[in-house]
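Please read the structure below before turning to the comments.
The values are calculated or read from the model by the stated rules, or taken from the named source; none is laboratory data. If you're wondering where the values come from, they're calculated on a predicted model, not measured in any experiment. Cβ: placed from backbone, ideal geometry, glycine included. Neighbour counts: every protein chain shown. Ligands, DNA and RNA are stripped out before the accessible areas are found, and what is left, the full protein with its side chains, is counted by its heavy atoms. Shrake-Rupley method; radii C 1.70, N 1.55, O 1.52, S 1.80 Å.
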Amino acid sequence: MSSFHDIIGQKEIINYLKGALSNNQVAHAYLFDGEKGTGKKMIAGIFSKALLCEKGGEEPCGECHSCKMAESGNNPDIITVVHEKPNVISVNEIREQVVNDVQIKPYSGKKKVYIIPDAQLMNPQAQNALLKTLEEPPSYAVIMLLCDNKAMLLSTLISRSICLSMRAVNNELIYKMLTEKHQISDYQAQLATIFAQGNPGKAILLSSSEEFLELWKETHEVLTQISVMDEVQIAEAAKEAAKWKDQKNDLLNLMLIWYRDVLLIKSGGNSEQLIYGEDEREIIRQADNYSFEMLNKIILLIQQTGRRIDSNVNFELAMELLFLQMKGT
Ligand SMILES: [Zn+2]
C-alpha cells in the first residue's frame, strides 16, 4: 500500500487531500470518520507519507528516505498514538504521546504527524488536553483523528478539525478488488460484496473467512431443503443454527436476502436482479410455491427474530419457530 492509487473508492477525500498537498494548504487537524474497514488508516498513512515525502508531490514517491522509513513503520516524524487499556485512551497517554511530544521539532521532515486511531476512545480529559494543542499548534504539527463514532468527540474538537467522512464504496469496485487483487472465487466474492455493504475491509475479511463460508453453506442448506425437512430435522437444524449466535445478524441477513429474492421473482421481477443469482432455479421454484402472504410473514418473522434474540429469547427456539414458518406449517 504505497499510494492513493491503491485505495478503492473515497475519491472525494483523496482529491481533497491531494489538493491540500499540491496547494500547500495543509490543516493542523483532520478527522477521518467511518466504520472499521473503510480505509481510514490507509488514507491517513498515505497522507502522512506524502506530507513528509522529500519530493513533495501530491503522492508519496515511495523512494526517498522518508517514504522508505514510513513504509517500514519507522519514520520518527509519524507518531501513531497507542493506548494500554482496550476501551479508553487516557489523558496521560495523550499528554505523553501528543501534547508534550509535539513541542519537540520534527527530526528531519517539514512536518510532524500524529495519528490517533480509535479517537472516539479518548475520555473527556484526554480530548480536552488535545484541544489545547489544537488551539495553538506548532506550525509543523498535523494531527489525524480516526474515529468510527464522531458523536463521542467534543464538538470543540470536531470544529477545529477538517472532517472527512468515509463513503460506502461501490459494489462493482469491491467485487473487482476481491477477484482481481485477492484472487477470491466469483461466488465467494459476490457473497462478501453483498454483505460488506460498501465496506472494502469487511469484504476482504468475509471473503477470506472460513467461518462465514461455513455459515453460508449451512444456511443455504436450510433455505433450499426446508420444504422436504420433517419436524425432527427442523429441530436438529435449529440446534445447529444456535451455534451461530454471535453471527446472528449475518445469519438472519443471509436468510432475509434469500426471501427478498423469492419475493422479487414472485412479484414479476427479472432474475437478473437476483442477489443469489446462482440459485435462480430454486428461487423460482419457491416463488411458485409460497403465497405472497407467506413470504411477507417469513420476512417479517426474520426481522422480528433478530429483535427477539436481542431481548434474550432462546436462540434455538427462535430459530425453530422461524424454520417452521419457512416450511409453512
Ligand atoms: Zn518520498
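Relative to the first principal axis of the alpha-carbon coordinates of the chain, what is the inclination of helix 186-196, with its axis defined by its Cα atoms, in degrees from 0 to 90 and to the nearest 10?
70
Run the dipole for region 209-328 about the Cα centre, Lys and Arg Cβ at +1, Asp and Glu Cβ at -1, nothing else charged, and hand back the magnitude in debye, nearest 20.
I would put it at about 500 debye.
Going down the list LYS181/LYS266; LYS40/LYS132; LYS55/LYS202; LYS18/LYS110; LYS85/LYS105; LYS202/LYS243, which pairs span over 27 Å between their C-alpha atoms? Please list the in-between numbers first.
Details: LYS181/LYS266 37 Å; LYS40/LYS132 24 Å; LYS55/LYS202 34 Å; LYS18/LYS110 17 Å; LYS85/LYS105 29 Å; LYS202/LYS243 22 Å.
Too far apart for the 27 Å limit: LYS181/LYS266; LYS55/LYS202; LYS85/LYS105.
Please give the solvent-accessible surface of GLU12 in Å², to the nearest 10, using a probe radius of 1.4 Å with every protein chain present.
130
How large is ³J(HN,Hα), in whole Hz, for each residue of region 76-88 in order, when computed from phi with the Karplus curve 6.51 cos²θ - 1.76 cosθ + 1.60 and θ = phi - 60°, using x for Gly and Pro?
Residue by residue, region 76-88 yields x, 8, 10, 10, 9, 6, 10, 9, 7, 7, x, 10, 8 Hz.
Given the protein chains as shown and a 1.4 Å probe, how many square angstrom of VAL99 are accessible, to the nearest 10?
Its heavy atoms expose roughly 30 Å² to the probe.
Using the heavy atoms of the protein chains alone and a 1.4 angstrom probe, what is the accessible area of the chain per residue in square angstrom?
The answer is 52 Å² per residue.
All other residues with a Cβ under 11 Å from the Cβ of THR219 taken together, and with Lys, Arg as +1 and Asp, Glu as -1, what is their net charge?
Here the charged neighbours net out to -4.
Would you mind checking the tilt of helix 280-289 against the longest principal axis of the Cα atoms of the chain, expressed as 0 to 90 degrees and rounded to 10?
Helix 280-289 and the main axis of the chain meet at about 50 degrees.
Please get the size of the charge dipole for the chain, origin at its Cα centre, with Cβ charges of +1 on Lys and Arg and -1 on Asp and Glu, quoted in debye to the nearest 20.
Dipole size: approximately 1280 debye.
Report the paramagnetic label zone for GLU84: residues of region 96-121 whose backbone N is under 17 Å from a point 7 Å from Cα along the Cα-to-Cβ axis.
96-98, by backbone N distance to the label point.
Expressed as an acute angle from 0 to 90° and rounded to the nearest 10, what is the orientation of the C-alpha long axis of helix 248-266 relative to the principal long axis of the chain?
Roughly 60 degrees, rounded to the nearest 10.
Out of the DSSP beta bridges found with both residues in the chain, what percent are antiparallel (nearest 5)? Don't skip to the end; give the middle numbers.
Values: 0 of 18 bridges.
So the antiparallel bridges amount to about 0 percent of the total.
I'd like the carbon and sulfur percentage of the solvent accessible area for the chain, probe radius 1.4 Å, heavy atoms only, ligands and nucleic acids excluded. Spell out each step's value before the answer.
Numbers: 8210 of 17100 Å².
Carbon and sulfur atoms account for 48 percent of the accessible area of the chain.
Of LEU300, LEU252, LEU52, which has the largest mean-square fluctuation in a 10 Å C-alpha GNM of the chain?
LEU300
Let me check I've understood the local charge: for LEU256, count other residues with C-beta under 14 angstrom from its C-beta, Lys and Arg +1, Asp and Glu -1. What total comes out?
+2
On a C-alpha basis, how far is the centre of region 1-61 from the centre of region 222-276 in Å? Whole number, if you could?
After rounding, the separation between the Cα centres reads 42 Å.
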